[in-house]
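The values are calculated or read from the model by the stated rules, or taken from the named source; none is laboratory data. A quick note: this is a predicted structure, and the numbers were derived from the prediction, not measured. Heads up, the Cβs are rebuilt from the backbone with ideal geometry, glycines too, and the neighbour counts pull from every protein chain shown. Ligands, DNA and RNA are stripped out before the accessible areas are found, and what is left, the full protein with its side chains, is counted by its heavy atoms. Shrake-Rupley method; radii C 1.70, N 1.55, O 1.52, S 1.80 Å.
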Amino acid sequence: IQADGTEGNCVTFVLHDEDHTLGNSLRYMVMKNPDVEFCGYCITHPSESKINFRIQTRGALPAVEPFRKGLNDLMAVCQHVLSTFERSMKEYRAQR
């Protein structure tokens, strides 16, 4: 991850080897934060596998904070989905 403007409430993070899968999911998680004024991403070019992910917060909250929280929240959701799937597969196999 590279970041431009790491001091302050408006930062563009460059995420390498990522695409819409992470970009859209992370944008959704970050926008749930009421202190975030703007969050968006773009794919720089179809042949490049990187995204520019921009966050702007209200007030003095550093933009890196909702970025970290969004990543942690997204990991928690993915872990919940994975554990629910594995539990369901275990129950299904036990019924067979």
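Can you find, within region 33-58, the residue that is most open to solvent (accessible area, probe 1.4 Å) among those that are touching a residue at least 40 places away in the same chain (Cβ under 8 Å) and not β-branched (Val, Ile, Thr)? It comes out as ARG58.
Pick out, from the chain, the strands (runs of 3 or more DSSP E) lying fully within it that include 1 or more residues that are of a type outside the set (Asp, Glu) and touching a Cys at 6+ places or on another chain (Cβ under 7 Å).
Per the criteria, 50-57.
The single residue among LEU74, LEU61 that is more than 12 Å from the chain's Cα centre (by Cα) and open to solvent by less than 100 Å² (accessible area, probe 1.4 Å) turns out to be LEU61. Of the residues in region 87-95, not one is within 11 Å of the chain's Cα centre (by Cα) and not β-branched (Val, Ile, Thr).
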